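Engineer: Here it is, the structure in full.
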Amino acid sequence: MQRLQSYLCDTWQDGQGEGRALVNPSTEAVVATTTTRGLDLGAAAHYARTVGGPALRALTFAERGSLLKAMARAIYEHREALLDLSRDNNGTTRGDGKFDIDGATGTLAAYARLGRDLGERTFLLDGEAEKLGSGARYVGQHVRMPRPGVAVHINAFNFPAWGTFEKIAVAFLAGVPVITKPATATAHLTWRMVQILVESGILPAGSLSLLCGSAGDLLDHLGPQDGVAFTGSADTGAVLRGHACVVERSTRINIEADSLNSAVLGPDVVPGTDLWHCAVRNIVKDITQKTGQKCTAVRRIMVPEAVADDLSSALAEELGRVQVGYPVDRSVGMGPVATAAQLRDVRAGIEALCEEADVVVGGTAPVQAAHTESGTGFFVAPTLLRARDAASATRLHELEVFGPCSTLMPYDGSVDAAGDLLAKGQGMLVSSVYADDRSWVGGLLPHAAAWNGRVVMASKKVADQVLPPGMVLPNQMHGGPGRAGGGEELGGLRGLEFYTNRTALQGDAGVLRKLL
Ligand code: NAP
């Protein structure tokens, strides 16, 4: 069995005691153990800040871009073995594993290109110089300089590869060292990816540290130039937001949390059309991909009453075809949820939602899973519910069941009703809108934009090109208002804001031109 150590101060370090067991969610076999007990996390933060920070800041954007490209290549060379690790600790099908691992290398590569394009600079100019005096000599210019601190990345269990490296890509391009902390339950993949990078010898000293297990007292050691980028539940997010480092020492924090993402079908979407099939395809993908354990997965499906039965039947038919099991071969379309706790929470969540909804397909009964011994593994069926009265429901709009479960919400087809239902989610990462009627879409847009970080607008002419809403792109903002955490990640160079300080420089235009 593998022992996962942490990588701190450029050395592999083991915590004290047996620690927590990581299991294969299909077989329940223990695959590794890890603990951070007794590790000196203050020393780790100090080392990253004082060794990794200067090393990264000394590189130009082009050089940081080359580093990201080399990291993507090193990881890609081990892709097949990493896919197996993902399956055996995260329960992913091959497609789900690729979504996570290729998402990581793809984001590294995208930020590598941004670095290349920024060239020999080491910090960013923000806007143009502005004349401040009576002549042209005295000017003001905003700049964004890398923060001389450490970025602590705390990630959720569902994306041990992408979640880790989409954050690292942005921090490294900005010139900021990272201590990354994967969720303990699925840390095996992250640990191996960091090990690959350490063994490759391409990382500047101190630039990347890995904390494999609990965060311990790490946040106690953070100060005003440090940052915490957190992805996980709203409850943990609330705890971190109230931590003394944030409240008393102004450590920056970015939170990506729960989200009751929506799909909204407009009144003009007709069964059988390309747009209809696009909606069905995307919803089925969101329910089953990564066994519904995706922050961007659709949880609420708003459908005009007139076609609610048609959509219910179409989705039930597709979901009924999905083979659930240990994803050892390609016949398995959906693996288990990641942990025993997840299985418990998902089943309890479905039962709670059933106070306001009926089961169309799936539910909480044990699943006959392929390639496992009967009764073994954390399996749950793809589940579609139908709200009895979406407008008056409360739980359906509040409880994120983080598994393969989504709820149909019939409504009258009006903009106002769709807008009200969207607002009940209190802030989402992404919603998708399927409609051709431009005035209807225009009416919904202010509601959709107010409550979402991203809105996928699917219509007839782009139905064959629309990317699944669950797919987060490096050049587009990821995050959402309200209960989604209010955070922003990625979005190309927008992502660097979190890792840099904006300063207005006011002085002699000639001097500034020379320095900038
Ligand atoms: P979680 O229980 O909140 O844990 C997330 C991370 O926080 C883990 O690394 C966990 O470490 C750590 N953590 C827990 N308590 C902490 C504390 N007091 N101090 C410092 N770190 C702490 O969430 P999860 O169950 O892993 O993930 C599922 C949730 O994440 C879902 O609600 C989902 O919506 C959300 N999510 C959001 C996004 C997004 O981008 N918005 C993406 C993915 C997931 P341990 O594992 O060691 O406890």
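No value in this document is a laboratory result; all are computed from the given coordinates. If you're wondering where the values come from, they're calculated on a predicted model, not measured in any experiment. Don't worry about glycine lacking a Cβ; one is built from the backbone with ideal geometry, like all the others, and counts go over all protein chains shown.
Engineer: Pull out all pairs, ordered by first then second residue, where Cβ-Cβ is under 6 Å, the residues are six or more apart or on different chains, the first lies in region 277-301 and is within 13 Å of the ligand (Cβ to nearest atom), and the second is of a type in the set (Asp, Glu).
Structural biologist: Taking only residues 6 or more apart or on different chains, the pairs are Lys290/Asp96; Ala297/Asp286; Val298/Asp286.
Engineer: Moving on. Answer yes or no as to whether Ser214 is within 9 Å of the ligand (Cβ to nearest atom) and within 19 Å of the chain's Cα centre (by Cα).
Structural biologist: no
Engineer: Here is a follow-up. Where in region 1-48 are the strands (runs of 3 or more DSSP E), entirely inside, with at least 1 residues that are among the aliphatic types (A, V, I, L, M) and either on the phi > 0 side of the Ramachandran plot or out of contact with any Ser or Thr (no Cβ under 7 Å at 6 or more places or on another chain) (or both)?
Structural biologist: Once the strands (runs of 3 or more DSSP E) in region 1-48 are filtered for at least 1 residues that are among the aliphatic types (A, V, I, L, M) and either on the phi > 0 side of the Ramachandran plot or out of contact with any Ser or Thr (no Cβ under 7 Å at 6 or more places or on another chain) (or both), what remains is 20-23, 30-34.
Engineer: While we're here: Looking at region 220-252 only, could you name the residues that are of a type in the set (A, V, I, L, M), within 11 Å of the ligand (Cβ to nearest atom) and buried (at least 22 other Cβ atoms within 10 Å of the Cβ)?
Structural biologist: Residues satisfying the conditions are Val228, Ala229.
Engineer: Which one of Arg513, Arg454, Arg438 is of a type outside the set (A, V, I, L, M, F, W, C) and over 24 Å from Cys278 (Cα atoms)?
Structural biologist: Arg513
Engineer: Restricting attention to helices (runs of 4 or more DSSP H) lying wholly within region 384-464, give those where 1 or more residues are acidic (Asp, Glu).
Structural biologist: Where helices (runs of 4 or more DSSP H) fall fully within region 384-464 and carry at least 1 residues being acidic (Asp, Glu), they are 395-398, 415-424.
Engineer: I want to confirm something. Restricting to region 150-171 and keeping residues that are in contact with a strand residue (DSSP E or B) (Cβ under 7 Å, 6 or more places away or on another chain) and either among the aromatic types (Phe, Trp, Tyr) or in a loop (DSSP other than H, G, I, E, B) (or both), which single residue is nearest to the ligand (Cβ to nearest atom)?
Structural biologist: Across region 150-171, the extreme among qualifying residues is Ala156.
Engineer: Just the residues that are surrounded by 12 or more Cβ atoms within 10 Å (Cβ to Cβ), in a loop (DSSP other than H, G, I, E, B) and of a type in the set (A, V, I, L, M, F, W, C), please, taken from region 121-139.
Structural biologist: Phe123, Leu132
Engineer: Output the number of the condition that Gly507 fails; it satisfies all remaining conditions of (1) part of a strand (DSSP E or B); (2) out of contact with any Phe, Trp or Tyr (no Cβ under 8 Å at 6 or more places or on another chain).
Structural biologist: It is condition (2) that Gly507 fails.
Engineer: Are any of the residues in region 175-184 among the polar types (S, T, N, Q), within 10 Å of the ligand (Cβ to nearest atom) and either farther than 27 Å from Phe99 by Cα or in a helix (DSSP H, G or I) (or both)?
Structural biologist: Yes: region 175-184 contains one or more residues that are among the polar types (S, T, N, Q), within 10 Å of the ligand (Cβ to nearest atom) and either farther than 27 Å from Phe99 by Cα or in a helix (DSSP H, G or I) (or both).
Engineer: State which residue is farthest from Gln293 (Cα to Cα) when the search covers only region 193-249 and only residues that are out of contact with any helix residue (DSSP H, G or I) (no Cβ under 8 Å at 6 or more places or on another chain) and among the acidic types (Asp, Glu).
Structural biologist: Glu248
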